[in-house]
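Working notes for the structure below.
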Amino acid sequence: MKEKHWTETLIAADATLGEAIRVIESSALQIGLVVESERRLIGSLTDGDLRRAFLRGLSLDSGLDGVMNPAPVVARLDDDRADILRQMTTRGIHRVPLVDAAGRVAGLILREDLATPGRIDTWVVLMAGGLGMRLRPMTEFTPKPLLKVGRKPLLENTLDTLIASGFGKFFISVNYLAEKIRTHFGDGSRWGVEIRYLEETEPLGTAGALGLLPATPTDPFIVMNGDLLTNIDFRSLLDYHHDHDAAATLCVREYDFQVPFGVVRLDGNRVNGITEKPSQSMFVNAGIYVLDPDMLDLMEHDRRLDMPDLLERAIAGDREVAAFPIREYWLDIGRIDDFLRAEADFREVFR
């Protein structure tokens with residue numbers, strides 16, 4: 001595959017949000033550099049900047065003012081690379097534009113090019129203990145995470161995505177047909193990673209299995225439902241969590257719903273108007289989370305608990321819960337129609 005060049009990250013100052021997204025996604029370098037004439041740098045755009053813009057309700061036709069960072073951290077051509085790495089590590093920055101004395105962009109420094117690559121220490125908990133009742137009879141003898149989407153089981157596709165992003169320590173919660181999941185994934189050595197299992201003697205909900213972790217993690221960790229098909233950038237999710245200094249980050253997906261009837265607006269018994277089949281847009285829980293270790297203090301060992309209830313406890317205790325809007329592919333495979341759609345989408349999105 002052709003190596004991406006930093007010039008592919010350049011975005012014109014008068015570009016729209018939609019155009020900026022296309023530049024960032026096509027360059028695959030996780031940043032956009034906003035420039036005016038002669039490549040003079042006037043701002044930067046990251047994945048987190050774009051997601052926050054969508055949470056504010058901005059459209060793809062919106063401009064970049066108020067979205068981009070007008071004062072990004074930069075490095076000069078003669079700066080020492082070791083000093084640049086120290087600054088990037090201290091600030092948690094992964095991309096730094098290189099500029100000349102006139103403020104013109106002359107390159108892009110990637111943290112991974114300066115540091116020795118390695119596995120991310122972040123723990124990942126994959127919830128795979130559900131019964132998959134809505135997918136019967138497909139799940140009568142096969143647990144839902146092992147249903148094949150493409151050429152591999154659903155949960156293996158998720159594992160591949162996470163491993164490709166650098167994650168190497170996994171916990172899989174199991175209950176229904178647990179032995180089949182254990183047999184397929186083993187200890188993870190086939191993928192060069194570590195896999196351990198959280199054994200639910202009875203269903204513990206979408207968060208209860210976290211009480212079975214053998215120890216408290218030292219850093220924020222990822223929790224994900226095992227019945228999802230997605231290609232979100234998990235590193236960007238972690239960066240977003242750190243940037244917002246959150247106790248928990250909840251991935252959300254925009255969902256549009258059309259009321260199939262004419263909606264009547266009333267004032268007492270008086271009709272003020274009728275809107276025919278209006279559409280409503282809302283954010284829904286996408287089943288992917290980042291939690292700080294002390295979130296585990298809010299739950300009891302081996303007791304049933306769903307993730308929305310855990311997050312409600314955090315909110316009630318004035319802990320910061322951030323929303324991370326997903327704009328990549330995402331599908332919750334809960335019904336047979338969803339599974340058939342995943343099969344069709346996989347060939348297009350994940351080929």
Filter the range 161-177 for residues that are touching a residue at least 24 places away in the same chain (Cβ under 8 Å), within 26 Å of ARG341 (Cα to Cα) and not polar (S, T, N, Q) and give the result. LEU162, ILE163, ILE172, VAL174, TYR176, LEU177
GLY18 passes all but one of (1) surrounded by 15 or more Cβ atoms within 10 Å (Cβ to Cβ); (2) in contact with a Leu (Cβ under 6 Å, 6 or more places away or on another chain); which number fails? (1)
Output yes when any residue across the range 75-82 is modelled with pLDDT under 90, surrounded by fewer than 19 Cβ atoms within 10 Å (Cβ to Cβ) and touching a His at 6+ places or on another chain (Cβ under 9 Å), and no when none is. no
Within the range 333-351, of all residues that are in a helix (DSSP H, G or I) and among the basic types (Lys, Arg), the one modelled with the highest pLDDT is ARG341
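State the number of residues belonging to the range 169-194 that are touching a helix residue (DSSP H, G or I) at 6+ places or on another chain (Cβ under 9 Å) and either of a type in the set (Phe, Trp, Tyr) or outside any helix (DSSP H, G or I) (or both).
Residues that pass the stated criteria total 13.
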Given (1) in contact with a strand residue (DSSP E or B) (Cβ under 6 Å, 6 or more places away or on another chain); (2) of a type in the set (S, T, N, Q); (3) over 30 Å from ALA28 (Cβ atoms), THR249 misses just (3)
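Which strands (runs of 3 or more DSSP E) sit wholly inside the range 254-332 and have at least 3 residues that are in contact with a Cys (Cβ under 9 Å, 6 or more places away or on another chain)? Full working, then the answer.
Values: elements: 262-267, 270-276, 279-291, 321-325, 330-332.
Because the criterion is at least 3 residues that are in contact with a Cys (Cβ under 9 Å, 6 or more places away or on another chain), the strands (runs of 3 or more DSSP E) in the range 254-332 that meet it are 279-291, 321-325.
Any residue that is within 23 Å of the chain's Cα centre (by Cα), exposed (fewer than 14 other Cβ atoms within 10 Å of the Cβ), farther than 22 Å from SER26 by Cα and not polar (S, T, N, Q) - is there at least one of those in the range 46-55?
Within the range 46-55, the subset within 23 Å of the chain's Cα centre (by Cα) is 46-55.
This time we only want the ones that are exposed (fewer than 14 other Cβ atoms within 10 Å of the Cβ), so: none.
Taking every residue of the range 46-55 in turn, none turns out to be within 23 Å of the chain's Cα centre (by Cα), exposed (fewer than 14 other Cβ atoms within 10 Å of the Cβ), farther than 22 Å from SER26 by Cα and not polar (S, T, N, Q).
The values are calculated or read from the model by the stated rules, or taken from the named source; none is laboratory data. Everything numeric here is computed off the predicted structure, so don't read it as measured data. Reconstructed Cβ throughout: ideal geometry from the backbone, glycine too, with neighbour counts over all protein chains shown.
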